[in-house]
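Only the coordinates and a few stated rules stand behind these numbers; no lab work does. These figures come from a predicted structure and were not determined experimentally. Here Cβ is always computed from backbone atoms with ideal geometry, including for glycine, and neighbour counts include all displayed protein chains.
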Ligand SMILES: *Cc1c(COP(=O)(O)O)cnc(C)c1O
């Protein structure tokens, strides 16, 4: 075993990983990356088919981002936002505000930015701000939040309380605060309007009567009747990530947002995965004409280079924290690396690349390549559903596509398929029985084809021999 792999085995504890399984195999030790390719210490090459867990935008070792970080490094790596302003953080806040409040007059304007380190903290910030704002604006003494079934907002306890994936939370149930949930628009498993079981039409649904958004209306009405209207609705716009890449049908986000607004609730948009062009528009919310009160960003914000996050909000929320010092209306929250210069410099460079016409064009064509390639998976017996939004794809593997019968999680089908893909030089991670493909924007059509072929071969290998 490689000495670095040995050290890993001896000392590291990996996230979301059954370490007993981890210790059975020599891990792939990544040494370098170039574009969509990762290279390990043994010189083997792999395609980064999930953009390093949904973070990387323009590829590894990008010359413009590298240069921006190097330039910043000649000045300073970090100084505290507690007490001081700094150049890249100021510039980045202005850029983000401009993108979040385009001239299309989407309301409300998001003009304040609170920086933190990761998606979970971006959500904690939104949660705490919304909580205090609801109290201070007289909406509720005991603010409550409405969330969507299957949602994932991070692993710190506040973010985890907003999340609704049982498997991740059961062990911490006693630590979570109570949130309510409504059904997700999981069309493939919709209890009201089942998709037709025929392969080619699997993505066409029988007449949809929007029972799922009715449930949202009912939830808001019921909570109002209890005398404590919801402070905010929390949503992953257009597609739920960790739930298993579950896209929302067109119009869902617009509808539920209108319901929340009609009930006077705020909207917290978790765009940690969907932001920065992943779904086709710059921010996913805007594609449905929805402007949240809180926009939470992380993962791709630095192009996937450094841990950084931002929570954008409105003047109204900001104002509810203003007062005389002695009133202690201050937002008592912060992190050591808030507004970090290296991260902000990387983010500014990433925005430059993202806004270039070359990148916009490449994304559009890559999205089409991915769509075309994914078509080739429909004939596979164990492919139940193929879901794509922009450059995010989830392929749901099932025991029986006619009945949509899921595999038992204990069979580790997703994990085994991804291991078989890794043997073919393609790296990704499953969510249960859903295999995720999320190429960096720099991936070529050929690389996308290789990702999908590896998946096709891996499914055949693993599932034609289910006892393996
Ligand atoms: C990844 C993710 C988070 C959590 O972000 P971390 O940086 O891992 O803390 C929150 N929300 C969504 C939608 C995510 O995909």
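Building the convex hull from the alpha-carbon atoms of the stretch 312-468 and averaging its projection over directions returns 14.6 nm². Most simply put, the stretch 76-355 has about 50% antiparallel DSSP beta bridges, counting only bridges with both residues inside it. A full extension of the chain between residue 21 and residue 461 corresponds to an added length of 156.3 nm, given 0.36 nm per residue minus the alpha carbon distance.
Can you give the relative contact order of the stretch 300-363 as a percent, counting alpha carbon pairs under 8 Å and 6+ residues apart? Display every interim value, and only then the final one.
Values: 34 pairs, mean separation 28.1, N = 64.
Over the stretch 300-363, the number comes to 44 percent.
Counting every other Cβ atom within 10 Å of each residue's Cβ, 148, 239, 53, 69 order from fewest to most as 53, 69, 239, 148. If a spin label sat at a point 7 angstrom from the Cα of residue 254 along the line to its beta carbon, the backbone N atoms of the stretch 293-323 nearer than 20 Å would be those of 293. For the pair residue 31 and residue 218, the difference between a 0.36 nm per residue extended length and the Cα-Cα distance amounts to 62.1 nm. Taking other C-beta atoms within 10 Å as the exposure proxy, 294, 177, 84 rank 84, 177, 294 from fewest upward. Under the simplified labelling scheme, the residue 356-residue 318 pair shows an inter-label distance of 3.2 nm, with each label point 7 Å from Cα along Cα→Cβ. Ranked by the mean number of other Cβ atoms within 10 Å of their residues, highest first, the peptides 14-20, 102-108 fall in the order 102-108, 14-20.
Apply the a/c threshold of 1.5 to the C-alpha gyration tensor of the chain and tell me whether it is rounded, prolate or oblate. It comes out oblate by the Cα gyration axes. A protection proxy built from the mean count of other Cβ atoms within 10 Å ranks the segments 134-145, 263-274, 248-259, most packed first, as 263-274, 248-259, 134-145. Per residue, the Cα convex hull of the stretch 114-180 amounts to 82 Å³.
Projected label points at residue 107 and residue 128, each 7 Å from Cα along the beta carbon direction, are separated by 3.1 nanometres.
How fast does the stretch 76-355 diffuse by Stokes-Einstein, in µm²/s, taking the Kirkwood radius from C-alpha pairs at 20 °C and 1.002 mPa s?
For these conditions, the coefficient is 110 µm²/s.
Listed by Cβ neighbour count within 10 Å, with the fewest neighbours leading, 22, 13, 54, 401 appear as 13, 22, 401, 54.
Quick check: from the Cα gyration tensor, does the stretch 380-420 come out rounded (a/c under 1.5), prolate or oblate? It comes out oblate by the Cα gyration axes. Please figure out what share of the DSSP beta bridges in the chain is antiparallel and state it in percent, rounded to the nearest 5. Rounded to the nearest five, the antiparallel share is 70 percent. Projected label points at residue 45 and residue 91, each 7 Å from Cα along the beta carbon direction, are separated by 3.4 nanometres. Segment residue 172..residue 211, full-extension length gain: 10.9 nm, with 0.36 nm per residue of separation and the alpha-carbon distance subtracted. Which shape class applies to the stretch 264-372: rounded if a/c is under 1.5, otherwise prolate when a/b exceeds b/c and oblate if not, where a ≥ b ≥ c are the square roots of the Cα gyration tensor eigenvalues? Oblate is the answer for the stretch 264-372, as a/c is 1.5 or above yet b/c matches or exceeds a/b.
Only helical runs count toward this figure. For the chain, summing -39,500 (n - 2.57) over DSSP H runs of n ≥ 4 and dividing by all residues gives -10500 deg cm²/dmol at 222 nm. With contacts taken as Cα pairs under 8 Å and at least 6 residues apart, the chain reaches a relative contact order of 21 percent. When all alpha carbon pairs of the stretch 171-312 are counted in 5 Å bins from zero, the resulting P(r) reads 2, 9, 16, 19, 19, 16, 11, 6, 2, 0 %.
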